[in-house]
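Report on the following structure.
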There are 2 protein chains.
Amino acid sequence: MAYTVVGKSINRVDAVAKVTGQAKYTGDFIERDMLVGKILRSPYAHAIVKNIDVSKARALPGVEAVLTYADVPKIKFATAGHPYALDPKHRDKEDRTILTSKARFVGDAIAAVVATDELTAAEALKLIEVEYEVLEPLLTPEAAMREGAPLIHDDCERNILSSYGYEIGAIEEAFQEADYIFEDELETSIVQHCQLENHVSCAYVDSDGRIVIVTSTQIPHIVRRIVGQALGIPWGRVRVIKPCVGGGFGSKQDVCLEPLTALMTLAVGGRPVRLELSREECMIDTRTRHAIKYKIKTGVSKDGKLIGMHIAAISNTGAYASHGHSIAMAGGTKFRILYPMKALKYEPLTVYTNLPVAGAMRGYGSPQITFAVESHLENIARKLGIDPIEFRKKNLVNVGYVDPLNGNTVRSCGIRECIEKGKELIKWDEKKARYKNQAGTKRRGLGMACFSYASGTHPVGLEMAGARIVLNQDGSVQLQIGATEIGQGSDTVFAQMVAEVLGIPVDMVHVISTQDTDITPFDTGAYASRQTYITGMAVAKAALEVKEKILDFVWGMTDIPAHALDIKEQNIVYKHSGEVVMPLAEVALHTYYDTVFARPITSDTSNNARINAFVFGVTFAEVEVDLKTGKIEVLEIYNVHDSGKIINPQLAEGQVHGGVGMGIGYALAEQMLFDEKTGKPLNNNLLDYKMPTIMDIPDIGVAFVETFEPTSPFGCKALGEPPTIPVAPAIRNAVLDATGVAFNRLPMNPQRVFEKFKEAGLI
Amino acid sequence: MAYTVVGKSINRVDAVAKVTGQAKYTGDFIERDMLVGKILRSPYAHAIVKNIDVSKARALPGVEAVLTYADVPKIKFATAGHPYALDPKHRDKEDRTILTSKARFVGDAIAAVVATDELTAAEALKLIEVEYEVLEPLLTPEAAMREGAPLIHDDCERNILSSYGYEIGAIEEAFQEADYIFEDELETSIVQHCQLENHVSCAYVDSDGRIVIVTSTQIPHIVRRIVGQALGIPWGRVRVIKPCVGGGFGSKQDVCLEPLTALMTLAVGGRPVRLELSREECMIDTRTRHAIKYKIKTGVSKDGKLIGMHIAAISNTGAYASHGHSIAMAGGTKFRILYPMKALKYEPLTVYTNLPVAGAMRGYGSPQITFAVESHLENIARKLGIDPIEFRKKNLVNVGYVDPLNGNTVRSCGIRECIEKGKELIKWDEKKARYKNQAGTKRRGLGMACFSYASGTHPVGLEMAGARIVLNQDGSVQLQIGATEIGQGSDTVFAQMVAEVLGIPVDMVHVISTQDTDITPFDTGAYASRQTYITGMAVAKAALEVKEKILDFVWGMTDIPAHALDIKEQNIVYKHSGEVVMPLAEVALHTYYDTVFARPITSDTSNNARINAFVFGVTFAEVEVDLKTGKIEVLEIYNVHDSGKIINPQLAEGQVHGGVGMGIGYALAEQMLFDEKTGKPLNNNLLDYKMPTIMDIPDIGVAFVETFEPTSPFGCKALGEPPTIPVAPAIRNAVLDATGVAFNRLPMNPQRVFEKFKEAGLI
């Protein structure tokens, strides 16, 4: 399909604003005499508050309010950023109150203060006297599931949030049919999003008595609903405004601060309050990525076909449900399309522990299961003596495949082309030959891993998006969307889509980037890599509606039927010849000012997308392992994606760069550590928590295989989360290739590498 | 018609915001390091700038920009707040540039500075050296029209802006047919709006390169267009935001500051600039009300029927056109429906003079002509010895009358009932008898005057209004309108309309009071008393659309046809029985979250109203005149209005109070004075310009005759401007009744009263 603006690497529409500092973030929301909120956190991982005395704190000059469990609505609510489900059975577990009388992890919010300034608020926290009854901290799923372990939530059996899974085909029959059976145990660690902008929100009560919340969130419309639920007030009494956001990665697909911030302003007569977490607080009391342990058993035929797979998973969700079992289920659902097999049994357990709460994080369960499965398949290939790429290719999905459980259909699939391109880019065959017989303490190796993912959550979740377009007198437009720009570039691709449909340059599309739940079309928000695909449909629908109205108006003006017309380069033209009929701006003027026929053109539409599109891709990595020091260096790395048509190649490349960087950290360094006895966080700061820096990241190679996804108006599919998914197993497989050592646990940091190499006799 | 919310005196929706100071005005728009703009004004009424040296001003530390005529676009533009006309012949006279090289009144803007603070800006103005060639100032229409007078605008003949008028029937024939002919000369003075909030606007350039203007205006969408025109840029590159406004009265139905403010920010690289006028500047360089001189000649039959009237008018429009001839024409059009007669000839001349610019002011030409005609009719009645009320009643219009020139039709008319009610209220007959033979130096008298007016500008102007409604999950809604709340209470009546249609309480209608041309539905703004009637249609249309969508959705949920359903008290009910089908909130939830059928309900609509509705009313006044001191005291005053159905009686009463107060000032005190030789303003401040204070205003009696106007969805008609229209002639007629002295000139201030009484031999 020939596009004019779609597919071009135009600059971000917010480039100037962000480079010059004009962009306004939640932290730039300043009201006169804004108060400061702060949270008193539990020093114990598991403890009951026996007594709490806030009298000294309340008496401190400058303290405007002190809140404890006694002051919060006794309403349990769920914080996960999911669309509301009409069916109560499909709702997230409601296991929180705004403050708690029982600490469930070190850092749990016990009390809060509102004061005139930071220092007073901090001082007031120190004056709150809490008497705890300390309980046994349950710091691993095994400990939590132990017979007789104390319950973290009273209404849960054995601290298990859910054990819901699925079975496709008959797994035991499949194993009997198989020629070989392979088993592996693999494990990922707890990591943190570490987005640039910490969590922050401000709230005040407007003169209407409504609560207004300005907040750094991926999901303003969901925040509105959850604040309403948490406070037990009608949702229309809450207004949420989302300014620019400095990154989220899923951490802000959760309602972490807003209910408390709302309660704080209510406690001070509606005066504005800001609640901002420090990095240290963010790392323990927002969300983490679930650590998951897998036991995988796989049956393979002689000719290398996967016959059946049984995956048992134990997912550590920490102290509260948040996205909880959805993560285990989403991961366990999206990966399975890649290698269809006769039988697949998935048995996940999501377990409460007395650790920080795990929630959504880029990939939403897929980085974990993809690490496990792609490592396991690599192990199998090696054991079978088959080339791991050939092994995968034997089993890959084809267009037309329908997921047997949810009906999602593969309508576009470029995974084979992705693999070929990746092989070429990294010079697979040449290097494979070259590294065949390495000696010495520095060994090089090649690895790859594939993934499949989806574009949004259908049919699990509602996929609603809205867009409103206003045509100006000069033919330019404003675009309002409920979908959120959080740094990923969605505003830019939406602007390109509108420009494409309306035949105008991108700089005539003014995107209203701030979401305001009062007036912004409803959209569930930025998650599940859904916006370009799902919101893109609503944006296209709105733009097509505007175009139709414009051409109908021209029909009225000229008697040339609308279907004979098109819009090109700001002109109304004959479709058949391209001859100009009149400038778009002239029509626009008439829509405003024709005394008989004027009717300013807008569209205000929504799209309930009951469809999904699979995306695929692969990472190829080359590593050099220093056997002496245990250092793993990624020499070259290439991600090749089938995300359908790429709307903006340069932005897409940036998205991949970020995802690969995050994947390298996941593979080699990142892990949140806790004291094994007390559950106290050991590295909740950016000094001790080892994120990769620019020095740790090689030049990242990116390529796209542009299939055309027919369910998307522009052929596009998801790209937000995918780049990070296959990175860790590809590096792990490269390390295996280089050293023969199979790491089945993340991260492969120097300490663990040293232990494993010693075990393997390499050092 | 039985209404639930319409017709009730609910509190203003912005009451709390305004009482507590939470409401944000343009002055509350604060950006860090906001620069200050100031204007250098001509000390001469008529002069050419021969030379201007800004080098010293530019060199002053803290001065960021100095602008003169050399720096402004050489584009002439019109400032009147009229909708754009596609037909160039219907556009306002384009006779301005943003700064001028020829001063046309004392105060004309010659240069401007932008500086870091007020004091520096003021200092910089003093450093600008201007060499003028002083021309003869033309300070009266007579002087300006004098043969050989210098031209104020080069492209105008004899300083006449326009002489367009009309003739209905054949006036000379009518005079021949008449039994009596009467003639009068009457005159009004220049007055000023004196709204609470001075003119102020702020501007900056956003990161998109667009000019954003925050301004105190009645007409944000028109400001956008005129700034685009004045700067010669596409209108879509301008965004106008209107916060709360502290009154306008027509003064802000004009684009006074915004083009210059926009130019100022462009001159400083897009940094924010505020331009705020002092009261003294407002009074000379925003707008005034046209002083108009009338010569009226009227033919009357023996039985007291008006046969024909000839009105010649000379309207002093000051230095620039602004609303210019529209004022003379609007006044000359709206009054004529009241007393239909065989022949009516209207010959207005609108004349440029070297005085401040006259523009729109409450009543838009009607206070002037109503003073003239209602005084003239009173004179005739007295001369004929007919009771002045009976004389008027003989000639009043009836339902069904069609204006012969514009086709506007009288579909509701309560003027007779208004007169009866007014007579009763003031105890007309009883007091008339009592005051028959007064002696002494204090004399009491009764007077009355009628008026007719219209609801909007159709068919002269485009009457476009837009409204958008968003249904929330709890059944509450947001309402966005392009119509502007400027203190008159329009937001409240719109909220009542929406609540009425949707069957919800008013506090569930959240009105977005700030207009933002980027996203606010198009509406031409607050003027011509159009909003309740014209915008009300769009609001009703939007609410009906939402209701229809809700009931259709229920149809889909329940199989009960939409036409069998209604919404009452937040419930979907059977229309025939009132039985509750389900709560509105339940439907609303399904519109958001039904995984199959969800589609959030909004309406985004506009209405091009090609219709008008006449309003009528009367003032009855009782005065006591102190013959010795010349003091005229208004003892009692009653306004009775036919404005159709009153949406909010208490707000309507407030509107009348304000209008009557303004009318009393117009009658007795207010007048802008200028040095007769130089044209220098003598009283452009609130000490020397005599507005009535609360001590000068008696308790004001208000009553309504609620006819039902069928063209309005709620039976309502205009009320904004009307209350001020008939006040001055009613007081003038009461003074005539008390003293026998006929004042044919406004204001009747002590100095003029003294002169006239002396002339009449009373003192």
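The values are calculated or read from the model by the stated rules, or taken from the named source; none is laboratory data. Owing to the predicted nature of the structure, the values given are computational and were not obtained by experimental measurement. Note that each Cβ is placed from the backbone with ideal geometry, even for glycine, and that neighbours are counted across all protein chains shown. What goes into the accessible areas is simple: the full protein's heavy atoms, side chains included, and nothing from ligands, DNA or RNA. Shrake-Rupley method; radii C 1.70, N 1.55, O 1.52, S 1.80 Å.
The number of residues in region B:230-254 that are touching a strand residue (DSSP E or B) at 6+ places or on another chain (Cβ under 6 Å) and under 20 Å from A:His510 (Cβ atoms) comes to 5. Here's a check for you: in region B:441-482, which residue that is under 26 Å from B:Ser375 (Cβ atoms) and assigned to a loop (DSSP other than H, G, I, E, B) is nearest to the other protein chains (Cβ to nearest Cβ)? Filtering region B:441-482 for residues that are under 26 Å from B:Ser375 (Cβ atoms) and assigned to a loop (DSSP other than H, G, I, E, B), the one nearest to the other protein chains (Cβ to nearest Cβ) comes out as B:Ser455.
State the number of residues belonging to region B:362-395 that are among the hydrophobic types (A, V, I, L, M, F, W, C) and open to solvent by 10 Å² or more (accessible area, probe 1.4 Å). So the count comes out to 2.
Being open to solvent by 10 Å² or more (accessible area, probe 1.4 Å) and either out of contact with any Ser or Thr (no Cβ under 9 Å at 6 or more places or on another chain) or not assigned by TED's automatic domain parsing to the domain that holds A:Thr317 (or both), is that true of even one residue in region A:210-223?
Initially, region A:210-223 is screened for residues open to solvent by 10 Å² or more (accessible area, probe 1.4 Å), giving none.
The answer is no; no qualifying residue exists.
Considered as a group, the residues in region A:605-621 that are touching a Lys or Arg at 6+ places or on another chain (Cβ under 7 Å) and β-branched (Val, Ile, Thr) include one that is farthest from the other protein chains (Cβ to nearest Cβ), and that residue is A:Val615.
Taking the condition within 30 Å of A:His290 (Cα to Cα), of a type outside the set (Lys, Arg), outside the structural domain of A:Ala360 (by TED's automatic domain parsing) and in contact with a Pro (Cβ under 9 Å, 6 or more places away or on another chain), does A:Thr140 pass? So A:Thr140 fails the test.
Only one entry of B:Lys93, B:Lys89 meets the criterion of being outside any loop (DSSP other than H, G, I, E, B) and either open to solvent by 20 Å² or more (accessible area, probe 1.4 Å) or modelled with pLDDT under 95 (or both), and that entry is B:Lys89.
Out of the residues in region A:627-664 that are modelled with pLDDT under 95 and charged (D, E, K, R), state the one that is nearest to A:Val493 (Cα to Cα). Before the answer, list the steps.
First pass over region A:627-664, keeping only residues modelled with pLDDT under 95: A:627-631.
Still in the list and also charged (D, E, K, R): A:628, A:631.
On the way: A:Lys628: 47, A:Lys631: 40 Å.
Going through the qualifying residues, I end up with A:Lys631.
When A:Val240 is tested against (1) within 14 Å of chain B (Cβ to nearest Cβ); (2) assigned to a loop (DSSP other than H, G, I, E, B), only condition (2) is not met.
Look through B:Tyr84, B:Tyr69, B:Tyr3, B:Tyr25 and report the one residue that is among the hydroxyl-bearing types (Ser, Thr, Tyr), open to solvent by 70 Å² or more (accessible area, probe 1.4 Å) and either touching a strand residue (DSSP E or B) at 6+ places or on another chain (Cβ under 8 Å) or more than 30 Å from B:Ile128 (Cβ to Cβ) (or both). Lay out the reasoning, then the answer.
On the way: B:Tyr84 fails: open to solvent by 70 Å² or more (accessible area, probe 1.4 Å); B:Tyr3 fails: open to solvent by 70 Å² or more (accessible area, probe 1.4 Å); B:Tyr25 fails: open to solvent by 70 Å² or more (accessible area, probe 1.4 Å).
The match here is B:Tyr69.
The condition of being of a type outside the set (Asp, Glu) and either open to solvent by less than 20 Å² (accessible area, probe 1.4 Å) or within 14 Å of chain B (Cβ to nearest Cβ) (or both) holds for A:Gly37. The combined condition, being over 33 Å from the mean Cα position of the chain (by Cα) and either of a type outside the set (Ser, Thr, Tyr) or part of a loop (DSSP other than H, G, I, E, B) (or both), is not fulfilled by B:Leu138.
Among residues of region A:585-602 that are more than 16 Å from A:Val477 (Cβ to Cβ), those with a beta-carbon under 6 Å from a residue that is outside any helix (DSSP H, G or I) and open to solvent by 20 Å² or more (accessible area, probe 1.4 Å) at least six positions away or on a different chain give the pairs A:Tyr593/B:Tyr84; A:Tyr593/B:Leu86; A:Ala598/B:Asn608.
Take B:Gly679 and tell me if it is open to solvent by less than 10 Å² (accessible area, probe 1.4 Å) and in contact with a helix residue (DSSP H, G or I) (Cβ under 6 Å, 6 or more places away or on another chain). Talk me through it step by step, then tell me what you get.
Values: open to solvent by less than 10 Å² (accessible area, probe 1.4 Å): yes; in contact with a helix residue (DSSP H, G or I) (Cβ under 6 Å, 6 or more places away or on another chain): no.
When the stated conditions are applied, B:Gly679 does not pass them.
For residues in region A:593-626 being more than 24 Å from A:Glu545 (Cα to Cα) and surrounded by fewer than 19 Cβ atoms within 10 Å (Cβ to Cβ), which is modelled with the highest pLDDT? Here the residue is A:Glu624. Going through (1) over 27 Å from B:Glu586 (Cα atoms); (2) assigned to a loop (DSSP other than H, G, I, E, B) one by one, B:Tyr533 falls short only on (2).
Within region A:490-525, if we keep just the residues that are among the small types (Gly, Ala, Ser) and open to solvent by 10 Å² or more (accessible area, probe 1.4 Å), the residue that is farthest from the other protein chains (Cβ to nearest Cβ) turns out to be A:Gly503. On inspection, A:Ala313 qualifies as open to solvent by less than 10 Å² (accessible area, probe 1.4 Å), in contact with a strand residue (DSSP E or B) (Cβ under 7 Å, 6 or more places away or on another chain), free of Cβ contacts under 8 Å to residues at least 60 places away in the same chain and not acidic (Asp, Glu).
Please go through (1) in contact with a strand residue (DSSP E or B) (Cβ under 8 Å, 6 or more places away or on another chain); (2) open to solvent by 60 Å² or more (accessible area, probe 1.4 Å) for B:Lys126 and return the number of the only condition it doesn't satisfy. With respect to (1) in contact with a strand residue (DSSP E or B) (Cβ under 8 Å, 6 or more places away or on another chain); (2) open to solvent by 60 Å² or more (accessible area, probe 1.4 Å), B:Lys126 is out only on (1). Among the residues of region B:6-22, those that are touching a strand residue (DSSP E or B) at 6+ places or on another chain (Cβ under 9 Å) and open to solvent by 40 Å² or more (accessible area, probe 1.4 Å) comprise B:Val13, B:Lys18.
Within region A:201-218, track down each residue that is within 14 Å of chain B (Cβ to nearest Cβ) and part of a loop (DSSP other than H, G, I, E, B). Working first, answer last.
Quick first cut of region A:201-218, residues within 14 Å of chain B (Cβ to nearest Cβ) only: A:204-212.
If the condition is that a residue be within 14 Å of chain B (Cβ to nearest Cβ) and part of a loop (DSSP other than H, G, I, E, B), then A:Asp206, A:Ser207, A:Asp208, A:Gly209, A:Arg210 are the ones that fit.
Scanning region A:559-604 for residues that are in a strand (DSSP E or B), in contact with an Asp or Glu (Cβ under 7 Å, 6 or more places away or on another chain) and not hydrophobic (A, V, I, L, M, F, W, C), we see that the one that is farthest from the other protein chains (Cβ to nearest Cβ) is A:Ser603.
For region B:631-642, the criterion of being in contact (Cβ under 8 Å) with a residue 12 or more places away in the chain, open to solvent by less than 60 Å² (accessible area, probe 1.4 Å), on the phi > 0 side of the Ramachandran plot and not aromatic (Phe, Trp, Tyr) is met by none of the residues.
Evaluated against (1) open to solvent by 10 Å² or more (accessible area, probe 1.4 Å); (2) not in a helix (DSSP H, G or I), B:Ile284 falls short on exactly one condition, (2).
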